[in-house]
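Some notes on the structure that comes next.
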Amino acid sequence: NALTTPNSSSNTIEESDDTTRSAALADKTVFIPDINLKQDILKSLSMSADADLTEEDMARLINLRLTSSQLYSLSGLEYATNLSTIYKNGATNITDFSPLEQLTTLTYVDLGSPTLTSDNFPDLTANKGLILLDISESNVDDTVLSKIAQLTSLERLRMDKDSGLTTIAPLKGLPNLRSLSIQFCGITDFTVINDFPTLNDLSAFGQNTGRNSSSTIIDRTTLKYNE
């Protein structure tokens with residue numbers, strides 16, 4: 001009995017500390033300025049629409065579906081420390097994606113929107129398990145590729161209808177990339193796919209290589225008939 005008493009006391013103290021920490025976490029209300037984001041979070045957590053969100057609630061958020069086209073801010077999402085997936089229905093008005101940079105558990109992220117550019121594309125390198133990224137229908141150009149090339153855990157990448165993209169060469173260093181979708185972009189050279197180590201699925205039809213080229217005026221006298 002003398003030997004077990006200290007352990008029992010220690011366990012009691014540890015349990016008390018855990019309870020205290022949980023209570024403190026539950027008391028910390030998280031402010032979500034965008035009411036549309038808050039409603040999407042509450043819905044994902046199966047909470048009532050008028051409930052307040054605490055840090056404990058945010059830590060329970062694993063999967064988030066963004067449903068509103070009026071969404072303008074991701075502020076507060078940095079408290080979703082266990083968030084794994086972000087699904088999105090259509091375009092948003094978000095221009096600041098930096099709250100995502102504080103997360104480390106993302107595996108599937110859909111950020112595609114006309115408001116996403118190469119400049120505001122977030123640094124997602126802290127997410128070592130990120131396997132799927134979708135930035136389709138965005139306003140990115142080739143400069144975003146150097147940022148994506150740092151996401152070495154990526155297995156699937158979707159960049160459809162990103163007309164500013166003219167190359168995929170910077171992505172050839174992604175060691176795990178198996179699937180690449182770049183439909184309706186402006187890619188001009190596909191020979192580089194031979195350098196991709198694991199790529200086995202490529203969707204690349206509908207390239208428009210002249211969309212961003214300047215107009216050329218041709219005088220009819222310069223045209224020559226070639227039989």
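Things to note:
- Residue check, E137 under 18 Å from L61 (Cα atoms) and surrounded by fewer than 21 Cβ atoms within 10 Å (Cβ to Cβ): no
- In the stretch 36-63, the qualifying residues are those that are within 16 Å of Q102 (Cα to Cα) and in contact (Cβ under 8 Å) with a residue 24 or more places away in the chain, and the one that is surrounded by the most Cβ atoms within 10 Å (Cβ to Cβ) is M58.
- Between L157, L202, L171, the distinction of being over 15 Å from the mean Cα position of the chain (by Cα) and assigned to a strand (DSSP E or B) belongs to L202 only.
- Each residue in the stretch 92-104 was checked for being open to solvent by 50 Å² or more (accessible area, probe 1.4 Å) and either in a loop (DSSP other than H, G, I, E, B) or touching a helix residue (DSSP H, G or I) at 6+ places or on another chain (Cβ under 6 Å) (or both), and 5 pass.
- Boolean, T188 is in a loop (DSSP other than H, G, I, E, B) and either β-branched (V, I, T) or open to solvent by less than 60 Å² (accessible area, probe 1.4 Å) (or both): yes
- When A126 is tested against (1) of a type in the set (A, V, I, L, M); (2) outside any loop (DSSP other than H, G, I, E, B); (3) surrounded by fewer than 16 Cβ atoms within 10 Å (Cβ to Cβ), just one condition goes unmet, and that condition is (2).
- Residue match in the stretch 194-216 (condition: among the basic types (K, R) and within 16 Å of R156 (Cβ to Cβ)): no
- Scanning the stretch 124-145 for residues that are among the charged types (D, E, K, R) and out of contact with any Lys or Arg (no Cβ under 7 Å at 6 or more places or on another chain) turns up K128, D141, D142.
- The condition of being more than 25 Å from T143 (Cβ to Cβ) and at pLDDT below 95 holds for L3.
The values are calculated or read from the model by the stated rules, or taken from the named source; none is laboratory data. In this text the structure is predicted, and so the values were computed from the model without any measurement. Cβ coordinates were reconstructed from backbone atoms using ideal geometry, including for glycine residues, and neighbour counts include every protein chain displayed. Surface areas here come from the heavy atoms of the whole protein model, side chains and all, with no ligands, DNA or RNA. Shrake-Rupley method; radii C 1.70, N 1.55, O 1.52, S 1.80 Å.
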